[in-house]
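Enquirer: Quick one: the structure is below, questions incoming.
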Amino acid sequence: QVQLVESGGGLAQAGGRLRLSCAAIRSIFRANVMGWYRQAPGNQRDLVATITGNGTANYADSVKGRFTISRDNANDTVYLQMNSLKPEDTAVYYCHYRPPVHWGQGTQVTVSS
């Protein structure tokens, strides 16, 4: 069982930036995928970005060019740098790990206009 602990959410103004962190409490396999999903009220949980152990990243079209995902394999941690934030980025952001699938508890990101 892998426990994922998130930090870094909060309130930002449109155009601002936030950085999310997610640490895996137990050692994970570097070949596994880590990433971030988000869920706004009334919506489904959607992909934001994922990254493999060798650094291959995948982004949702809505965040390409604004968000950057990175991974520190030595410390089993994944980061999401969010720049040029928009009000529509407001959501609960969940750290993700697979396989097998694990989720963090979620961290709220709110962007004001």
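Enquirer: Out of all the residues in segment 92-99, is one or more outside any strand (DSSP E or B) and either open to solvent by less than 40 Å² (accessible area, probe 1.4 Å) or at negative phi (or both)?
Expert: As a first pass, look at segment 92-99 and keep what is outside any strand (DSSP E or B): 99.
If we keep only those that are either open to solvent by less than 40 Å² (accessible area, probe 1.4 Å) or at negative phi (or both) as well, we get 99.
Yes; the residues of segment 92-99 include at least one that is outside any strand (DSSP E or B) and either open to solvent by less than 40 Å² (accessible area, probe 1.4 Å) or at negative phi (or both).
Enquirer: Continuing with the same structure: Only residues that are open to solvent by 100 Å² or more (accessible area, probe 1.4 Å), among the polar types (S, T, N, Q) and within 26 Å of E88 (Cα to Cα): list them for segment 1-38, please.
Expert: Matches in segment 1-38: Q13 only.
Enquirer: I've got another one for you. Scan segment 100-113 residue by residue and report those that are assigned to a loop (DSSP other than H, G, I, E, B) and open to solvent by less than 40 Å² (accessible area, probe 1.4 Å). Don't jump to the end; show me each part of the working.
Expert: Within segment 100-113, the subset assigned to a loop (DSSP other than H, G, I, E, B) is 100-101, 104-106, 113.
G104, G106, listed by residue number.
Enquirer: Any idea which residue in segment 52-61 is modelled with the lowest pLDDT, counting only those that are open to solvent by 40 Å² or more (accessible area, probe 1.4 Å) and among the small types (G, A, S)?
Expert: Looking at the filtered set, the residue picked out is G55.
Enquirer: What do you reckon, is A49 surrounded by 11 or more Cβ atoms within 10 Å (Cβ to Cβ), in contact with a Phe, Trp or Tyr (Cβ under 7 Å, 6 or more places away or on another chain) and modelled with pLDDT under 95?
Expert: Numbers: surrounded by 11 or more Cβ atoms within 10 Å (Cβ to Cβ): yes; in contact with a Phe, Trp or Tyr (Cβ under 7 Å, 6 or more places away or on another chain): yes; modelled with pLDDT under 95: no.
No.
Enquirer: Further, regarding this structure: For residues that are farther than 20 Å from L18 by Cβ and either surrounded by 15 or more Cβ atoms within 10 Å (Cβ to Cβ) or free of Cβ contacts under 8 Å to residues at least 24 places away in the same chain (or both), tally how many sit in segment 62-81.
Expert: Qualifying residue count, segment 62-81: 2.
The values are calculated or read from the model by the stated rules, or taken from the named source; none is laboratory data. This is a predicted model, so every value here is computed, not measured. For neighbour counting, all protein chains shown are included, and Cβ atoms are generated from backbone atoms with ideal geometry for every residue, glycine included. The area values use the complete protein model at the heavy-atom level, side chains included, leaving out ligands, DNA and RNA. Shrake-Rupley method; radii C 1.70, N 1.55, O 1.52, S 1.80 Å.
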